[in-house]
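Report on the structure given below.
The values are calculated or read from the model by the stated rules, or taken from the named source; none is laboratory data. Computed from a prediction, not measured in an experiment: that's the story for all the values here. When we count neighbours, we look across all protein chains shown, and the Cβ atoms used for this are built from the backbone with ideal geometry, even at glycine.
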Number of protein chains: 2
Amino acid sequence: MKFDFQYYNPTKIYFGKSALDNLSGELANYGEKVLLVYGKNSIKKSGLYDKIIGILSGAGKKVTELSGIKSNPSYAQLLKGAELVRENNIDLILAVGGGSVIDCSKGISVSAYCEGDPWQRYWVNFEDVDNKIVPVGSVLTMAGTGSEMNGGSVITNEDKMIKNGRVFPADVYPKFSILDPEYTYTVPEYQMVSGVFDTMSHLMEQYFSGDDDNTTDYIIEGVMRSLINSARAALKDREDYEARSNIMWCATIGLNTLTGVSKEQDWEVHMIEHQIGAYTDCAHGAGLAVVSTPYYKYICRDGLDKFVRFAENVWGIDTAGMAKEDAALAGINSLTEFIKELGLPLTLRELGATEDMLPKIAESTIPGGGYKKLNAEDILEILKACY
Amino acid sequence: MKFDFQYYNPTKIYFGKSALDNLSGELANYGEKVLLVYGKNSIKKSGLYDKIIGILSGAGKKVTELSGIKSNPSYAQLLKGAELVRENNIDLILAVGGGSVIDCSKGISVSAYCEGDPWQRYWVNFEDVDNKIVPVGSVLTMAGTGSEMNGGSVITNEDKMIKNGRVFPADVYPKFSILDPEYTYTVPEYQMVSGVFDTMSHLMEQYFSGDDDNTTDYIIEGVMRSLINSARAALKDREDYEARSNIMWCATIGLNTLTGVSKEQDWEVHMIEHQIGAYTDCAHGAGLAVVSTPYYKYICRDGLDKFVRFAENVWGIDTAGMAKEDAALAGINSLTEFIKELGLPLTLRELGATEDMLPKIAESTIPGGGYKKLNAEDILEILKACY
């Protein structure tokens, strides 16, 4: 597996204060029927909706709208979108919003012409897409999930009470994504810091695996350091364009597969958070913040050298003269302090969990892990440690 | 300019010991007529030629060959390739070799159907390509130039005695590149270290500009550190697969535009080396090694904070208590030591330059620079410092 990978990411990124100026040029590559997908009212409040409608109409497009995409996009919404694509013979799905809107748009893209039940085929059986894929473009308004430059699509099937995610191959990635950091200024602070920690967690999930000397780990360390510095700057000044730009680009780079090449990866923090979310309906970034510290404390003895490296290279801790375990814990403590700086929770209680939920969460979590393979008992220990 | 960029890199990378297994799958995407472009005899000696001919014939391809591409690919060879493309109605140009072979193949790709003189239009006037572009794929045998995942094409017009380079947009990038680090084992050590330093120089040229807090700089620092560590490991054991993998991937990442986004960049070391090469015919990496140290010593006072950061984050120097200028120079001295470790030259004399050449080199170099804009007098000072 190691040093044996494929890398292919054909999403075109337009980044900066004038990024939206490129939309009409991109629209020229597609037919006239556009499905505009967005969330609640925020893009109307911010004026972005009007701008985009203006550009679409200037480009002579016939626009169908699908609005109200939830922060956990539902399968029912996806099916509604798929129906709109078929009915209107849509040429391009334009997602305007954060990761949820883009995830849902990719789901619509692969489902519209799917024979059989898309949920069962693509989000349960993880089948390859064998039908027409409707191209997706995106205008990003929130930094965190990285959905703007990857194939990820997390969908909640509300009838079945299941949230499933999968990563589609490159032909499902957005064809283009427009990233103007200024659009993220109006995102509430709690969502901003959740996005920061979501990105941090993506990076840690990829970083904490393997004991090889791997270029990808050096890149991840750089992205983590940049993210931490810019998060601190953005907490001081929400409209610090430089900081918000770095946060946005770190989020994109942090899950566009570049920071995963040649890595075994972990993802157990996400597995546990997934089930915490199912029981508490907490915000994703908040759930990740709660689980991360106790999880890494629990497993760090099995990947000690990497945790020492994390302390040194990410947090700048001088570990000379420290026992390895102390150095590893010092790094994890810096992570805890960072979570506090962000104002994110550190306990399950703060997420609304009750003690009786813990065994249920532990048992329903998919077991696994990077440096240590966890079973339900291990996971219960971790949950108790952050209750 | 800052935090205002486009990023689009659609090259598909197959990396690892079994990367060549993907060639036949890729070949299926193109018509039956293939132009195979390669250098001298090394791929025949190594057996790679036979393997590739086997795969091409197994895929039912009709193969035309263009061999003997020089390390500075000539415009005459390019025109010969363009003629072969037209005569044989070529569907795919398959470049097997290092940067020179791939650079030449891109040149053939844009020139075959060019109306008018390709040299004048594309390498002198830097016009946009307005004709059919023949797709290029590559099998890389040497790490350094990054040509396998970018639009760079440096061509020497031997009649006019001019070497010009340009960067074509993404539709000229290789469609796919096959990177098996084992193919680089047979490259002579001098070429291996030249490739390492070429990559290091690409990274420094991008890094040494700007005084902003920029995610790209953090990524570059990580790639530099990985490259340095792996170069040291490869010098001990040429067949250290991990080290050769990292070196190969650092070279690709180091010039695939990712490490350049949102950066003003410098490139004056390359400008000076270009003219040294014209007068001495030195190897590119060797010329870069000679110029780098005196160049950075000459300009570092104009970008002092960045050079201090280079000392700390790339070379791990504890600069606490040091004057900034001393810290900056300590970092540059570490670079000099690294050049010595690689066994590369540090003086123009070693490249065969004579004293009378220095003013000519200085005057013919395109002036410019990142932190300090140089004129011919400045460049002459730098050349004297490394004579």
Exclusive hit being farther than 23 Å from A:Gly368 by Cα and touching an Asp or Glu at 6+ places or on another chain (Cβ under 8 Å), set A:Asp318, A:Asp326 = A:Asp318
Could you please give the count of residues in the stretch A:215-229 that are crowded, with 23+ Cβ neighbours inside 10 Å and more than 7 Å from chain B (Cβ to nearest Cβ)?
-> 5
The listed residue being closer than 30 Å to A:Asn246 by Cα, at pLDDT 95 or above, assigned by TED's automatic domain parsing to the domain that holds A:Tyr30 and small (Gly, Ala, Ser), out of A:Gly151, A:Gly144 = A:Gly151
Please state which one of B:Lys106, B:Lys51, B:Lys132, B:Lys61 is charged (D, E, K, R) and out of contact with any helix residue (DSSP H, G or I) (no Cβ under 7 Å at 6 or more places or on another chain).
-> B:Lys132
Looking across the stretch B:254-271 at residues that are aliphatic (A, V, I, L, M) and touching a Gly at 6+ places or on another chain (Cβ under 8 Å), the single one that is nearest to the other protein chains (Cβ to nearest Cβ) is B:Leu255
What number of residues within the stretch B:314-341 satisfy the criterion of being within 24 Å of the chain's Cα centre (by Cα), under 23 Å from A:Ile219 (Cα atoms) and not β-branched (Val, Ile, Thr)?
-> 5
Qualifying residues in the stretch B:204-214 (those that are within 16 Å of B:Glu312 (Cα to Cα) and within 18 Å of the chain's Cα centre (by Cα)) - the one nearest to the other protein chains (Cβ to nearest Cβ) | B:Tyr207
Any idea which residue in the stretch B:1-25 is nearest to the other protein chains (Cβ to nearest Cβ), counting only those that are surrounded by fewer than 19 Cβ atoms within 10 Å (Cβ to Cβ) and either charged (D, E, K, R) or assigned to a loop (DSSP other than H, G, I, E, B) (or both)?
-> B:Asp4
Only one of (1) outside any helix (DSSP H, G or I); (2) among the small types (Gly, Ala, Ser); (3) crowded, with 23+ Cβ neighbours inside 10 Å is not met by B:Gly116, so which one is it?
-> (3)
Go through the stretch B:132-151 and give me each residue that's charged (D, E, K, R) and under 11 Å from the mean Cα position of the chain (by Cα).
-> B:Glu148
Please determine, by comparing only the residues of the stretch A:121-178 that are within 21 Å of A:Leu79 (Cα to Cα) and polar (S, T, N, Q), which one is surrounded by the most Cβ atoms within 10 Å (Cβ to Cβ).
-> A:Ser147
Any residue in the stretch B:54-76 that's crowded, with 18+ Cβ neighbours inside 10 Å: show its pairings with residues that are among the basic types (Lys, Arg) and modelled with pLDDT of 95 or more at Cβ separation under 7 Å, as long as the two are six or more apart or on different chains.
-> B:Leu66/B:Lys80
Within the stretch A:73-84, is even one residue more than 25 Å from the chain's Cα centre (by Cα) and more than 30 Å from B:Gly16 (Cβ to Cβ)?
-> yes
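Conditions tested, residue by residue: (1) modelled with pLDDT under 95; (2) β-branched (Val, Ile, Thr); (3) more than 19 Å from A:Asn157 (Cβ to Cβ); (4) not assigned by TED's automatic domain parsing to the domain that holds A:Ser194.
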| position | (1), (2), (3), (4) |
| --- | --- |
| A:Leu36 | no, no, yes, yes |
| A:Ser42 | yes, no, yes, yes |
| A:Leu56 | no, no, yes, yes |
| A:Ala59 | no, no, yes, yes |
| A:Ser71 | yes, no, no, yes |
| A:Tyr75 | no, no, no, yes |
| A:Ala82 | no, no, no, yes |
| A:Asn89 | no, no, yes, yes |
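To keep it simple, each residue is scored yes or no on (1) within 29 Å of A:Met224 (Cβ to Cβ); (2) without any contact (Cβ under 8 Å) to a residue 12 or more places away in the chain.
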position	(1), (2)
B:Ile162	no, yes
B:Gly165	no, no
B:Phe168	no, no
B:Pro188	no, yes
B:Glu205	yes, no
B:Thr215	yes, no
B:Arg225	yes, no
B:Ala234	yes, no
B:Asp240	yes, yes
Residues located in the stretch B:26-46, provided they are over 25 Å from B:Asp240 (Cα atoms), more than 14 Å from chain A (Cβ to nearest Cβ) and surrounded by 14 or more Cβ atoms within 10 Å (Cβ to Cβ) | B:Leu27, B:Tyr30, B:Glu32, B:Lys33, B:Val34, B:Leu35, B:Leu36, B:Val37, B:Tyr38, B:Gly39
Any idea which of (1) within 13 Å of another protein chain (Cβ to nearest Cβ); (2) in contact with a Phe, Trp or Tyr (Cβ under 8 Å, 6 or more places away or on another chain); (3) assigned to a loop (DSSP other than H, G, I, E, B) is the one B:Glu242 doesn't satisfy?
-> (3)
Taking the stated definitions as given, is B:Lys40 touching a Gly at 6+ places or on another chain (Cβ under 7 Å) and among the basic types (Lys, Arg)?
-> yes
Only one of A:Tyr173, A:Tyr190, A:Tyr185 that is touching a Ser or Thr at 6+ places or on another chain (Cβ under 7 Å) and not charged (D, E, K, R) = A:Tyr173
